[in-house]
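Notes for the one structure printed next.
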Amino acid sequence: MADILRERERQVYRKGQQQTFQLDCEKQSVAGSVSQRACVFCGSRVVLYPITDALHIVHGPIGCASYTWDIRGALSSGPELHRLSFSTDLKEMDVVRGGEKKLFAALCELIDAHQPKAAFVYGTCIVGVIGDDVEAVCKRVSMEKGIPVLAVQSEGFKGTKKDGYRAACDALLRIVGTGRTEDISPRSINILGDFNLAGETWMIRDYYARMGVEVVSCITGDGRIDDIRRAHGAALNVVQCSGSMTYLAKSMKEKYGIPSIRVSYFGLDDMSKSLYDVARHFKDQEMLTRTQTMVREELLRIMPLIDGYRRALQGKRAAIYVGGAFKAFSLVSALRLLGMKTVMVGSQTGNKEDYDQLRELCDEGTIIADDSNPLELSSFLEEEDVDVFIGGVKERPIAYKLGIGFCDHNHERKEALAGFEGMVNFAREVYGSVMSPVWRLAPRKRGNQLEVVR
Amino acid sequence: MSTRPRTPKAAPRPNWVSTRNPCKACAPLGATLVMRGIKGALPFLHGSQGCATYMRRYIISHFREPMDIATSGFSEATTIFGGGKNLHQGLGNVTSQYHPSLIGIATTCLTETIGEDVSGLLHEYRELISDEAAPLLVHVSTPSYSGTHMDGFHDAVCAVVEQLAEAGASPSAYINGFANLFPGLVSSEDLRFLKEVAADFALPITLFPDYSETLDGPSMDKYQKIPEGGTTIAALRATASAKASIEFGRTLRAKRTAASFLQERFAVPAKRIGLPIGVQESDAFFAAMERLTGNKTPEKYRMERGRLVDAYVDGHKYLFGKRAIVLGDEDLVVGLTSFLAETGVVPILCASGGKSGALKRSIAEVTTHLRELVEVRDGVDFMTIAEEVALKEFKPDFMIGSSKCAKLARQLGVPLIRVGFPIHDRIGGQRILHLGYRGAQQLFDLIVNTLLEVKQNSSSIGYSYL
């Protein structure tokens, strides 16, 4: 097994080897471990990013804004304000004298220029140190401009990405409940935790429309402030990406009594189950029948395509390393549907229940890792003779350098992988990487000899 | 022409407080690239976890190579009580996992703001470890609130040389003297090209940084913890004994650089020339190499120059009077402007997110033969540029710059010639050759062909000869 830091030994587990399963998780990354995780700011930024008609301004030096400019594949059916990068670009003198005045001026000029429905102000590391009263500035601008201006407490060092999710949800909770709800249907939902990557929210919305369910708001895929204001009028919160959105759902339950269910739109089983769960929640036989018809139609359409890919991919070996563990469950099942075996699975931010569930789901011998790093991941890929690695941009070069296929399942991707159609896209993408002839030339398969490939 | 007509006075622009679509990244990013160019070294950021991860992603998306950056991973408690413990633990863990010969530590806005004494902390760590085999530690101060990624880059080059250069360090392999070459932020291909030129001049050089292999390596059957390649520590120690240093970058005049340090401290003569892009600036580079070695420019390069000039002639009508917007890191902008101007392209607007204070003067130096003054903007962002283009009704034929220009180019409906760093929307950014006659040849062909394609596609005739 890989060379694992002593401090991290209990964060890696091979199913079937140890008697007791006690994976450590939800810990601060070990210094010097080269974690794949980001920071609090990143957590807030990714969650709120897809709200298309809000102004997103990063309060801090320029880096944090540069590195998150147009970074997500979150599409909009209207405004594109979220795709611009705004920063107070704090300089030496601002650090000395404080950045409040600059923030105030920046907010005012940007709100005047872009007329957003709301503004989010992301705090970065040094804002937490120089002691700017961001909240006070936001309040003042909000009064003057007549829109919600929300301080997001996302100072990078104040916790992990999960704390950033929570800060984002706290900001959202200040918008929810400020809109009118009287015309909302009793069969209505909020879609929580889908970010409309490559138009996925639109696909999901279409399924719900066909079922006869009203979607009040999408939080945050193709998000609109006015919809989020009305979110408390929905009858049910349907939560994907539970890592980021469970807190919002819980808070809305407490405050507005809205129940929630956890779903996943990845893979055919999980996708179908999600729709059935929603239909069952409303105890509406007609809706359930409509859902069954729709699922049947979709499956009939795509199964022949999936079967074709499965024949080629049968027995191939996959590794998964993603941000949230919940997505990993769906991926293990989706890969199984393609005849593939998951030999390694890990996440940046999974919790104990997540990992317990993963262990249930996985085959004997599967490696499960929390908050892993390039050295561990590369050794897992080498040892397990993996055919395709599923992860994000930071994981990609680890696979490619070793001559191993890769599928991007992170927030920068341009392929829709959710829903029924998304499963076909996923299968096609995995197939397109695993079956490429280029691996035949890679040293991992054949060494570095120069002789002609037969 | 002795009288150069003045360009119209700039119309009043609203003075924006915010930065909108930045044309720069932050200082530590540049420093991590430099550290990646040292043999056996690992870049390390003293700050919170996110900085390392964001910069890794940014760099990986350009080079499409692994880029491991370690971090001390600040928490709230660390920020209050100081990062010494985290720094020490991080260095220890990196050492046991990566076995680096050097760890290159850069600070961030957080650690600079809370006033971490990194130098002192490293001193403590060295005392604690006292192991002969322990990696060397070098550090650079890169507060993200000061300057851009280019400042971080140059400051890191300077800091490494300052901390490693030793009088009398003997470069045994270099019998007839050797030179230092500090090229700045160029592509991996550019670095390979520079090594080839030096070899052809029979001049041993210490090229620093050298990420030609560490950030553009071959396919592997085993993951390399730290990829092969990079400037050796021995070579860096010996920089003090070089017979000269060459550094690229006209805008560096106001900066303390590795070359200026070596000149002051060890009397190594420093020669600063522009980034050698195009005929004129490449001539200056080859002339410098001739003076340094006493050798004539090898026939190979004379031929490359000849073919390039021949190509300029073949393509001159396609380019004459075409208007370009040049955007990027300051010295790249200067080099590109010099190159474009000598082909007949009119660089109508040259801009950079950097603000060395020397951009305008540097561009003036390389465009003395131009009949029109070039508009120069430094310290700008993309939205300011877009507004200026709209206000002045600039009608460019193309843009040249990094892939961050793509949004503006699309808005203007003109092609973008992708050069420099970062290139996030195409493959092979690390393999673009910008330098020398050969690099100019490739850029020239690309620009002419791009404009021909526009002409061909926009014509209803469908010309098959152009």
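The values are calculated or read from the model by the stated rules, or taken from the named source; none is laboratory data. From a predicted model like this one, the values you see are computed outputs, not experimental measurements. Reconstructed Cβ throughout: ideal geometry from the backbone, glycine too, with neighbour counts over all protein chains shown.
Quick rundown of the values:
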| item | result |
| --- | --- |
| Residues located in segment A:54-83, provided they are part of a loop (DSSP other than H, G, I, E, B) and crowded, with 21+ Cβ neighbours inside 10 Å | A:Gly60, A:Pro61, A:Ile62, A:Tyr67, A:Thr68, A:Ile71, A:Leu75 |
| Selected residue (only one of A:Asp408, A:Asp354, A:Asp370, A:Asp385 is surrounded by fewer than 19 Cβ atoms within 10 Å (Cβ to Cβ) and of a type in the set (Asp, Glu)) | A:Asp385 |
| Of residues in segment A:128-152 being aliphatic (A, V, I, L, M) and modelled with pLDDT under 95, the one nearest to the chain's Cα centre (by Cα) | A:Val129 |
| Test for A:Thr68: is it more than 10 Å from chain B (Cβ to nearest Cβ) and under 22 Å from the mean Cα position of the chain (by Cα) | no |
| Which numbered condition A:Gly159 misses (of (1) in contact (Cβ under 8 Å) with a residue 40 or more places away in the chain; (2) more than 8 Å from every other protein chain (Cβ to nearest Cβ)) | (2) |
| Count of residues meeting criterion [under 30 Å from A:Met93 (Cβ atoms) and of a type in the set (Ser, Thr, Tyr)] in segment B:97-134 | 5 |
| Inter-residue pairs, beta-carbon under 8 Å, first farther than 20 Å from B:Ile233 by Cα and in segment B:115-136, second of a type in the set (S, T, N, Q) and surrounded by 12 or more Cβ atoms within 10 Å (Cβ to Cβ), 6+ apart | B:Glu116/B:Thr107; B:Val118/B:Thr107; B:Val118/B:Thr111; B:Val118/B:Ser141 |
| Qualifying residue in segment B:220-236 (condition: touching a Leu at 6+ places or on another chain (Cβ under 8 Å), among the polar types (S, T, N, Q), in a helix (DSSP H, G or I) and crowded, with 17+ Cβ neighbours inside 10 Å) | no |
| Given (1) away from chain B (no Cβ under 12 Å); (2) in contact with a strand residue (DSSP E or B) (Cβ under 6 Å, 6 or more places away or on another chain); (3) closer than 29 Å to A:His411 by Cα, index of the condition A:Gln115 fails | (2) |
| Evaluation of A:Asp53 against (1) more than 10 Å from chain B (Cβ to nearest Cβ); (2) charged (D, E, K, R); (3) within 26 Å of A:Lys162 (Cα to Cα); (4) without any contact (Cβ under 8 Å) to a residue 40 or more places away in the chain (one fails), failing number | (4) |
| Given (1) over 21 Å from the mean Cα position of the chain (by Cα); (2) facing another protein chain (nearest Cβ under 7 Å), number of the condition A:Leu23 does not satisfy | (2) |
| Considering residues of segment A:373-393 that are more than 20 Å from A:Asp3 (Cβ to Cβ) and part of a loop (DSSP other than H, G, I, E, B) only, the residue farthest from the other protein chains (Cβ to nearest Cβ) | A:Asp387 |
| Selected residue [surrounded by 21 or more Cβ atoms within 10 Å (Cβ to Cβ) and farther than 30 Å from A:Ser35 by Cβ] from A:Ile147, A:Ile184, A:Ile219, A:Ile189 | A:Ile189 |
| Filter result (part of a helix (DSSP H, G or I) and facing another protein chain (nearest Cβ under 8 Å)) within segment A:26-50 | A:Val40, A:Phe41, A:Cys42 |
| Qualifying residue in segment A:400-418 (condition: touching a helix residue (DSSP H, G or I) at 6+ places or on another chain (Cβ under 7 Å) and assigned to a helix (DSSP H, G or I)) | no |
| Residues that are at the interface with another protein chain (Cβ under 8 Å from one of its Cβ atoms) and surrounded by fewer than 23 Cβ atoms within 10 Å (Cβ to Cβ), drawn from segment B:80-93 | B:Gln89, B:Gly92, B:Asn93 |
| In segment A:84-132, the residues that are of a type in the set (Ser, Thr, Tyr) and in a strand (DSSP E or B) | A:Ser87, A:Tyr122 |
| Search result, residues across segment B:130-161 that are of a type in the set (Val, Ile, Thr) and within 14 Å of another protein chain (Cβ to nearest Cβ) | B:Thr142, B:Thr148 |
| Check on B:Ala235, of a type in the set (A, V, I, L, M), in contact (Cβ under 8 Å) with a residue 12 or more places away in the chain and outside the structural domain of B:Pro422 (by TED's automatic domain parsing) | yes |
| Qualifying positions in segment B:99-117 - more than 25 Å from the chain's Cα centre (by Cα) and surrounded by fewer than 21 Cβ atoms within 10 Å (Cβ to Cβ) | B:His99, B:Ile114, B:Gly115, B:Asp117 |
| Flag if B:Val160 is over 27 Å from B:Gly294 (Cβ atoms) and crowded, with 24+ Cβ neighbours inside 10 Å | yes |
| Matching residues in segment A:162-179 - criterion: being within 14 Å of another protein chain (Cβ to nearest Cβ) and either outside any helix (DSSP H, G or I) or among the small types (Gly, Ala, Ser) (or both) | A:Gly164, A:Ala167 |
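Residue by residue, here is whether (1) hydroxyl-bearing (Ser, Thr, Tyr); (2) assigned by TED's automatic domain parsing to the domain that holds B:Leu433; (3) touching a residue at least 40 places away in the same chain (Cβ under 8 Å) holds:
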{"site": "B:Gly184", "(1), (2), (3)": "no, no, yes"}
{"site": "B:Glu189", "(1), (2), (3)": "no, no, yes"}
{"site": "B:Arg192", "(1), (2), (3)": "no, no, no"}
{"site": "B:Pro204", "(1), (2), (3)": "no, no, no"}
{"site": "B:Leu207", "(1), (2), (3)": "no, no, no"}
{"site": "B:Ser212", "(1), (2), (3)": "yes, no, no"}
{"site": "B:Asp216", "(1), (2), (3)": "no, no, yes"}
{"site": "B:Met220", "(1), (2), (3)": "no, no, no"}
